[in-house]
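See structure below.
The values are calculated or read from the model by the stated rules, or taken from the named source; none is laboratory data. Please read these numbers as outputs of a predicted model, since none were measured by experiment. Cβ: placed from backbone, ideal geometry, glycine included. Neighbour counts: every protein chain shown. Calculation scope for accessible area: heavy atoms of the full protein, side chains included, ligands and nucleic acids excluded. Shrake-Rupley method; radii C 1.70, N 1.55, O 1.52, S 1.80 Å.
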Amino acid sequence: MDLWMDTLKVIVRIMTILPLLLGVGLFMGKRSIGELPVFDFLVVLVLGSVVGADIADPKIDHIHTVTAIIFIALLQKLIVWLKLRNRKVGKFLTFEPTIVIYEGEMIEENLSRIQYSLDNITHMLREKDVYELDGVELGIIEPNGQLSVKLKNAKEAVTREDMGFPYRGGGYDIPLILDGQLQKDLLMRSGRDMEWLNTKLGTNDVADVFYGALTSQGEFHFSLKGKKVDSLPPIEH
């Protein structure tokens with residue numbers, strides 16, 4: 001009799017936990033179920049442990065599991081909010097992007113620092129359909145561990161400029177302003193100063209800028225906080 005009761009408890013728990021996890025997953029957002037940053041990976045790992053223990057052991061009070069899941073979801077939301085409000089918190093809780101390839105050469109020091117081998121990088125390049133290191137202008141290991149690649153101009157696909165269409169930019173961005181905060185070190189390393197930046201911003205203040213970047217062609221572009229965009233493409237599932 002006890003065996004049947006325990007089996008029934010497990011079935012009921014699965015039927016209640018799965019809808020709860022679905023709701024929590026939607027609440028936490030798509031960033032938590034894509035290619036996971038470190039903190040989000042830990043959240044998913046803890047959720048799996050809590051749910052696994054609850055389903056496997058009918059003697060555990062089910063309400064405690066439900067409470068733990070809800071608390072974990074709320075904690076994750078709090079941490080995300082803190083990361084968005086304070087870049088120092090964000091840097092502490094995740095990895096920084098690391099340049100591992102520049103102008104066709106591996107950056108040995110950076111590879112050693114993040115403990116990636118040459119085999120790791122060449123494998124990731126092949127996944128990007130890149131088979132010649134010499135053709136890579138910039139290779140970056142992102143905070144989620146994935147490799148982003150910028151090919152040299154001669155190796156890139158045909159562009160609008162090549163076809164004689166109006167030029168729409170290119171190269172890469174150096175982010176000088178992130179959510180109203182000036183990245184002073186990047187401004188200095190790019191050879192610009194506050195006078196130049198103020199000229200580019202015109203009547204706008206740094207605090208009003210959501211994202212401002214200097215392109216590799218020396219052009220500066222920015223978007224203001226609170227700007228509404230009504231013409232996004234209707235991409236839905």
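What to note about this one:
- Solvent-accessible area per residue in region 39-116 equals 67 Å², computed with a 1.4 angstrom probe and all protein chains kept.
- Peptides ranked, highest mean first, by Cβ atoms within 10 Å: ranges 111-118, 79-86, 176-183: 176-183, 79-86, 111-118
- Per-residue HN-Hα couplings for region 182-190 [Karplus 6.51, -1.76, 1.60; θ = phi - 60°; Hz; x = Gly/Pro]: 6, 8, 4, 5, 5, 4, 5, 5, 7
- Across region 173-181, computed HN-Hα scalar couplings (Karplus, 6.51 cos²θ - 1.76 cosθ + 1.60, θ = phi - 60°) run 9, 10, x, 9, 10, 10, 6, x, 10 Hz from first to last residue, x flagging Gly and Pro.
- Local electrostatic count at SER148 - Lys and Arg +1, Asp and Glu -1, tallied over other residues with Cβ under 9 Å: +1
- Extended-chain gain in nm, criterion 0.36 nm per residue less alpha-carbon gap, LEU78 and LEU151: 22.5 nm
- Amide H contacts of VAL100 (H built 1.01 Å from N, under 5 Å, at least 5 apart or other chain): GLY139, ILE140, ILE141
- Region 83-152 - percent of accessible surface contributed by carbon and sulfur, probe 1.4 Å: 49
- Virtual spin-label span in nm between THR67 and VAL206, 7 Å along Cα→Cβ: 4.7
- Computed E for SER216/ARG85 - FRET, C-beta separation, R0 41 angstrom, nearest 0.05: 0.85
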